[in-house]
Amino acid sequence: MLMESTTAVYTGAVSFTLLRVTASTQGPKLSASGRRLWRVFSMDNEYDKLIRRMNPPRVVIDNNACKDATVIQVDSMNKHGILLKVVQVLMDMNLVVTKAYISSDGGWFMDVFNVITCEGNKIRDQEVINAIQMRLEVDASFVPSLRESVGVMPSEDHTSIELSGNDRPGLLSEVCAVLADLHCNVVNADVWTHNNRAAAVVHVTDDATGGAIKDTQRLLTIKELLCNVLRGNGELKEAKMTLSPPGVTSTDRRLHQIMQTDRDYERAGQTRLEVEHKNLRPHVTVLDCTEKDYTVITTRSRDRPKLLFDVICTLTDMEYFVFHGMVNTGRMEAYLEFYIRHKDGLPISSEAERDRVLNCLEAAIERRESEGLKLELYAEDRVGLLSDITRVFRENSLCIRRAEIATKHGKAKDIFYVTDMTGTTIDAKIVESIRKQIGDAMLQVKHSSCLSETSPKETTTGVFLGNFFKARTFQNFKLIRSYS
């Protein structure tokens, strides 16, 4: 017997209510309207599958068409979100897009990408070429549903935690301390901060089992304590922590969705760092193309990896189709131009909508900007490692602007982008002090332009290596209070 129910699904800036039909041995029958809707949904779904099977994507990878880059051409059926899928594959394969041409009229699209490796070379390895072709052919033929814009697939390997709240110095250290005290090991995490807001997707395992945390009461305790930390004192915006096992959606896309939902594109005021680097902020325009009934989006910004993904991801989640586009990157600057319409077939028609698109695109480009000094940590993984590392940063008055935490085969490789409390350069002596505390071989400095040789008036050297790995009690943080 089938039961009819509804579920709300959030994607981009719009909330949808979907029909969910599940098998059951008892309960009411499906209503007449529900049966009609289910038949239409099933017929459309099967028809799309048939068309995709008859017209699989065609991927051509050519190393001879361009002197400086490998050219990748993708021809396929057009569907909302398919451009993002293609760009995400290129991002996942660590390829840099130097130029791109996008055209999708009617039911088909043709995308051409000039790509290079992170080292700036063409793709010569045939195994890598075969892997790119296979991924593009598989992913481009897959049409994502609304449900898949939010992670819903269960995982036995880890528990995925999504966090958002007001940013402040030491926030990541406090979050990591809570997880360590609750015997949760952080195996992977991505942390973004923008416009005084912070968002994170953290994968944790149970220290006792090495797998996902399944105990319901323990999960509620984790949520309660993390919400207390995220709230802080006098928060105007609600702090959030949700348990969302990973699904089809990438972590990068989830972070964009979380921060956009949190309205980080609303500027509460410029920080000192933003004022000093105002000339580096992206320049976005939203113009009308009345003769062709499009809206034209242009962006000029500093070139960096994953820039194209961030822009396409935001347009897709705001439910805009890209019909035509061009990407061109120089030595320092990237220029992107897209002709778009909303999913309803109309261009942008109001000033409020125009401003929102402009602000959201600016925020999407800025979120991944690598502010501050880049530090890389290589160490044997253990429970509490991240808590100890971030504690040293906090005790030396460093703010973590962005972080990428990864663990593989028992080894931790963590990347931190840090500044001082004012968002400016960091004294070189503080960095050397931190490296001595953690271990010179474990912590490497990658960006040195943010270092200053000027001695600070007063520095906090924190604890040294002898005390660094000592056990500490949870009460030291004095931030966990009742959830009433």
| request: Could you list all residues from the stretch 382-409 that are open to solvent by less than 40 Å² (accessible area, probe 1.4 Å) and either in a helix (DSSP H, G or I) or more than 22 Å from residue 368 (Cβ to Cβ) (or both)? | output: 384, 385, 386, 387, 388, 389, 390, 391, 392, 393, 396
| remark: Within the stretch 164-212, the residues that are out of contact with any helix residue (DSSP H, G or I) (no Cβ under 8 Å at 6 or more places or on another chain), in a loop (DSSP other than H, G, I, E, B) and open to solvent by less than 30 Å² (accessible area, probe 1.4 Å) are 211, 212
| query | Is at least one residue of the stretch 378-398 β-branched (Val, Ile, Thr), touching a residue at least 12 places away in the same chain (Cβ under 8 Å) and closer than 30 Å to residue 120 by Cβ? | reply | no
| Restricting the search to the stretch 434-448, which residues are open to solvent by 20 Å² or more (accessible area, probe 1.4 Å) and either aliphatic (A, V, I, L, M) or part of a helix (DSSP H, G or I) (or both)? | 435, 436, 441, 442, 445
| query | How many residues are open to solvent by less than 50 Å² (accessible area, probe 1.4 Å), touching a strand residue (DSSP E or B) at 6+ places or on another chain (Cβ under 8 Å), of a type outside the set (S, T, N, Q) and closer than 17 Å to residue 132 by Cα if we restrict to the stretch 88-119? | reply | 10
| field | From 123, 161, residue being surrounded by 15 or more Cβ atoms within 10 Å (Cβ to Cβ) and either at pLDDT 95 or above or assigned to a loop (DSSP other than H, G, I, E, B) (or both) | value | 123
| message | Can you tell me which condition residue 414 does not meet? The list is (1) among the charged types (D, E, K, R); (2) open to solvent by 10 Å² or more (accessible area, probe 1.4 Å); (3) within 23 Å of residue 430 (Cα to Cα); (4) outside any loop (DSSP other than H, G, I, E, B), and all the others hold. | response | (2)
| field | Breaking point among (1) within 18 Å of residue 176 (Cα to Cα); (2) in contact with a Cys (Cβ under 8 Å, 6 or more places away or on another chain), for residue 395 | value | (2)
| task | Looking only at the stretch 58-80, decide whether some residue is surrounded by 21 or more Cβ atoms within 10 Å (Cβ to Cβ), under 24 Å from the mean Cα position of the chain (by Cα) and at pLDDT below 95. | result | no
| query | Before we move on, is residue 193 of a type in the set (S, T, N, Q) and in contact (Cβ under 8 Å) with a residue 24 or more places away in the chain? | reply | yes
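The values are calculated or read from the model by the stated rules, or taken from the named source; none is laboratory data. Note that the structure is a prediction, hence the values are computed from the model and not measured. Reconstructed Cβ throughout: ideal geometry from the backbone, glycine too, with neighbour counts over all protein chains shown. The area values use the complete protein model at the heavy-atom level, side chains included, leaving out ligands, DNA and RNA. Shrake-Rupley method; radii C 1.70, N 1.55, O 1.52, S 1.80 Å.
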